[in-house]
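Report on one structure; see the data block that follows.
The values are calculated or read from the model by the stated rules, or taken from the named source; none is laboratory data. Not measured: the values here are computed from a predicted model. When we count neighbours, we look across all protein chains shown, and the Cβ atoms used for this are built from the backbone with ideal geometry, even at glycine. Remember, those area values only see protein heavy atoms, side chains included, never the ligands or the DNA or RNA. Shrake-Rupley method; radii C 1.70, N 1.55, O 1.52, S 1.80 Å.
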Amino acid sequence: MSFILKTSEPFTKDEVTKLIAENSKILDEHLELIGKSIGTRTEKWCDLVGIGNDKQLVIIEVEERYTDRMLSSIFCKLDSVWDNMTTIAQLYPAHEIDRNSFPRGIIIAPSFSKSFIRSLTYLTHRIRIDLFTYKSLDSEKGRGLLVEPVETKGNHGKSMKADKRGIKLSSPGTSSQLTTEEIMEFLH
């Protein structure tokens, strides 16, 4: 069997969101979708919300086009969710959301710039943002959505809310060279 595909008119944001909601396992086989559009009356924090097998909250954003503001937007949304983690966990008591685990973000957009993808490589274990691209396709069997993961090389581990470690800022003093001890203190 062979398919002949051609690029079709793009799906609307609502259509993509609905298709992702119906097929959330394509993003992560362990992802369980638990809701839509959480937030306040004046601010929406995400299009979809899910939970991973480790009980970590996952917010999913669907974008109609790439913009440079997506990165700052997802940071603000993750921060709002983090600040309201107890309330969100109370909204979904059956899912036993880990309130101490920083939420994970997923952005789904038609494309991402190389600089945007490279920016995610600078993220550390505290923030995990996964990227997926989508494209509308037509075939003899109908219209479809092709969703593909975008590889980033971020260092993604688990960060707990109880983890009080912070980054210590220190100046090198009058000397322009840092000692090994100063470097090690900064890294720990």
Tell me the residue from 63, 96, 32 that is out of contact with any Ser or Thr (no Cβ under 8 Å at 6 or more places or on another chain), open to solvent by 60 Å² or more (accessible area, probe 1.4 Å) and in contact (Cβ under 8 Å) with a residue 40 or more places away in the chain, please. 96
I'd like the full set of residues that are within 16 Å of residue 15 (Cβ to Cβ) and without any contact (Cβ under 8 Å) to a residue 24 or more places away in the chain, limited to the range 35-60. 36, 37
Flagged in the range 15-25 as out of contact with any Pro (no Cβ under 9 Å at 6 or more places or on another chain) and either of a type in the set (Lys, Arg) or surrounded by 11 or more Cβ atoms within 10 Å (Cβ to Cβ) (or both), in numbering order, are 15, 17, 18, 19, 20, 21, 23, 24, 25
Answer with yes or no whether residue 37 is surrounded by fewer than 14 Cβ atoms within 10 Å (Cβ to Cβ) and touching a strand residue (DSSP E or B) at 6+ places or on another chain (Cβ under 8 Å). yes
Which ones in the range 35-71 are of a type outside the set (Asp, Glu), in a strand (DSSP E or B) and at pLDDT 90 or above? 48, 49, 50, 51, 57, 58, 59, 60, 62
Restricting the first residue to the range 112-125 and requiring it to be modelled with pLDDT under 85, which pairs with a second residue that is open to solvent by 40 Å² or more (accessible area, probe 1.4 Å) and small (Gly, Ala, Ser) meet a Cβ separation below 8 Å and a spacing of at least six or different chains? 125/157
Return the only residue of 135, 164 being among the basic types (Lys, Arg), in a loop (DSSP other than H, G, I, E, B), modelled with pLDDT under 90 and open to solvent by 90 Å² or more (accessible area, probe 1.4 Å). 164
The range 71-93: number of residues that are open to solvent by 10 Å² or more (accessible area, probe 1.4 Å) and touching a helix residue (DSSP H, G or I) at 6+ places or on another chain (Cβ under 7 Å): 1
